[in-house]
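> Quick one: this structure, given as structure tokens, is what I'll be asking you about.
Bear in mind these aren't lab numbers, they're just calculated from the coordinates by the rules spelled out. Computed from a predicted structure; not experimentally measured. Here the Cβ positions follow ideal geometry from the backbone for every residue, glycine too, while neighbour counts run over all protein chains shown.
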Amino acid sequence: MSLKFIASLLFALMLLALPTTNTVYSDSTMALNVCQELVNTARSYSSRATWHTNVAQGLQQQIQTMAKQPQTPGTTQIMDNLFQQYDQNRQMATQMTQLYRQYSDQAQQCMKTTN
């Protein structure tokens, strides 16, 4: 697991451990709940982007290992599959990062409107 994911998880657990009656004094608790959902969604996208990036790095290492093998039709097919999986994971990581930024910006705007 990535350090960022573990830190986010610990932060979330610490928030759950706090008593809910003293954490927020606001007339708009519903708005704060929406903001928290946006933050949670952003964190989810961030961790998914990290996962896809890690998978892509693992595939890149496999590609490098396969490139050292003698070229046969079998190894060529394996390399093609690895490249395809690598491209898919890089694309997913990019999409998840964009969604993370989008939801993160929305969460920040949400928090500004509740203040």
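> So for each of 40-52, 64-76, 84-96 I average, over its residues, the number of other beta carbons within 10 Å; can you give me the resulting order with the highest mean first?
40-52, 84-96, 64-76
> Once the convex hull of the C-alpha atoms of region 70-111 is built, how many Å³ does it hold per residue, rounded to a whole number?
39
> Give the value in nm², to one decimal: projected area of the alpha carbon convex hull of region 37-115, averaged over all directions. Each step should come with its number before you reach the end.
Details: hull surface 20.6 nm².
Mean orientational projected area (region 37-115, Cα hull): 5.1 nm².
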